[in-house]
Amino acid sequence: MLMGAGRTDEGVAIIEKAIQANPDKAGDLQNDLAQAYLAKKDYAKAIATYQAKIAAQGDKPELADQIYLARAYEQNKQFAEADKLYGAVATARPTYVPVYLMRARANFGLDPDSKQGTAKPHYEKFIEVAKANDPTKYKEGLVEANKYLGYYYYQKGEKATSLPYWKEVIALDPNDTQASTAITEITKRKK
């Protein structure tokens, strides 16, 4: 309640005391503590909290906790660490569609101008898995993935390869102005 009222430091102190007083219930409280640290933008402490929770789980860490830790790494701009965890989650649960988008975003963080294309295979995998499952459910992610791939190929000068991705964005979201502009630019240059 304190954190919800903007008194994050007081909330953190109470949760830390509760963890010390009830180490057997530390797991649930560690989630609350890590979230409080994230709210304070104290990413190092959030990461340490999730790491401690995962370490206590032994050889079979909870996938959800790995995702929470990966997100904390991302917020701290530790994209390689986030990618490693997302990769472990994808290996352990290959049918969990959102992890491929998370991994693509972490790799985009490693290559924000898309020159190396580190996010490319992960966006491609997301498209494959999302379309095989429920494309309607993953529409926003599909728009994001197709935009990335359209831009990636466009900036490499491969306009013909870029065009179908932009057209897919329009099929998903007819009002997307970025895709409309890209399509116009590509088709105008073809003439």
Give a residue-ordered list of calculated ³J(HN,Hα) values for segment 37-52 (Karplus: 6.51 cos²θ - 1.76 cosθ + 1.60, θ = phi - 60°; whole Hz; x for Gly, Pro). 5, 4, 4, 7, 6, 9, 5, 4, 6, 4, 4, 4, 5, 5, 4, 5
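Can you sort 108, 79, 126 by solvent-accessible area, 1.4 Å probe, largest first?
Numbers: 108 80, 79 40, 126 5 Å².
From most accessible down to least: 108, 79, 126.
Per the 1.4 Å probe, what fraction of the accessible area of the chain, in percent, lies on carbon and sulfur atoms? Provide the component values of the computation, followed by the final result.
Numbers: 5540 of 10840 Å².
Solvent-exposed carbon and sulfur of the chain make up 51 percent of the total.
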Given 4 °C, 1.567 mPa s and a Kirkwood radius over Cα pairs, the Stokes-Einstein diffusion coefficient of segment 77-120 in µm²/s is 125 µm²/s
With θ taken as phi - 60° and the coefficients 6.51, -1.76 and 1.60, list the Karplus ³J(HN,Hα) couplings across segment 98-108 in order, rounded to whole Hz; mark glycine and proline as x. x, 5, 5, 6, 4, 5, 4, 5, 4, 5, 5
Using θ = phi - 60° and the Karplus form 6.51 cos²θ - 1.76 cosθ + 1.60, what ³J(HN,Hα) does each residue of segment 72-85 get, whole Hz, x for Gly and Pro? 5, 4, 4, 5, 8, 6, 9, 5, 5, 5, 4, 4, 4, 5
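Translational D (Stokes-Einstein, µm²/s) of the chain at 10 °C and 1.306 mPa s when Rh comes from the Kirkwood sum over C-alpha pairs?
For the chosen part, D equals 85 µm²/s.
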Rounded to the nearest 20 debye, dipole of the chain from Cβ charges on Lys, Arg, Asp, Glu: 800 debye
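Taking 0.36 nm per residue of sequence separation and subtracting the Cα-Cα distance, how much length would be gained by fully extending the chain between residue 113 and residue 185, in nm to one decimal?
Numbers: separation 72, 0.36 × 72 = 25.92 nm, distance 1.99 nm.
So the extension gain works out to 23.9 nm.
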Accessible area of segment 44-185 divided out per residue, in Å², using a probe of 1.4 angstrom: 52 Å²
Relative contact order for segment 116-191 using alpha-carbon pairs under 8 Å, separation at least 6, rounded to a whole percent? 24 percent
For the chain, what is the relative contact order in percent, using Cα pairs closer than 8 Å and at least 6 residues apart in sequence? 10 percent
Per q in 0.18, 0.21 Å⁻¹, report the Debye log10 I(q)/I(0) for segment 105-191, using one uniform scatterer on each alpha carbon and no solvent. -0.76, -0.99
Residue 96-residue 28 pseudo-label distance in nm [points 7 Å out on the Cα-to-Cβ vector]: 2.2 nm
Pull up the cross-link candidates among the lysines for residue 147, meaning alpha carbon to alpha carbon under 18 Å and not fewer than 8 places away within one chain. 115, 120, 125, 131, 137, 139, 156, 159, 167
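The values are calculated or read from the model by the stated rules, or taken from the named source; none is laboratory data. Computed from a predicted structure; not experimentally measured. Counting neighbours? That spans all protein chains shown, and the Cβs are built from the backbone with ideal geometry, glycine included. Heavy atoms of the whole protein, side chains included, go into the accessibility calculation; ligands, DNA and RNA do not. Shrake-Rupley method; radii C 1.70, N 1.55, O 1.52, S 1.80 Å.
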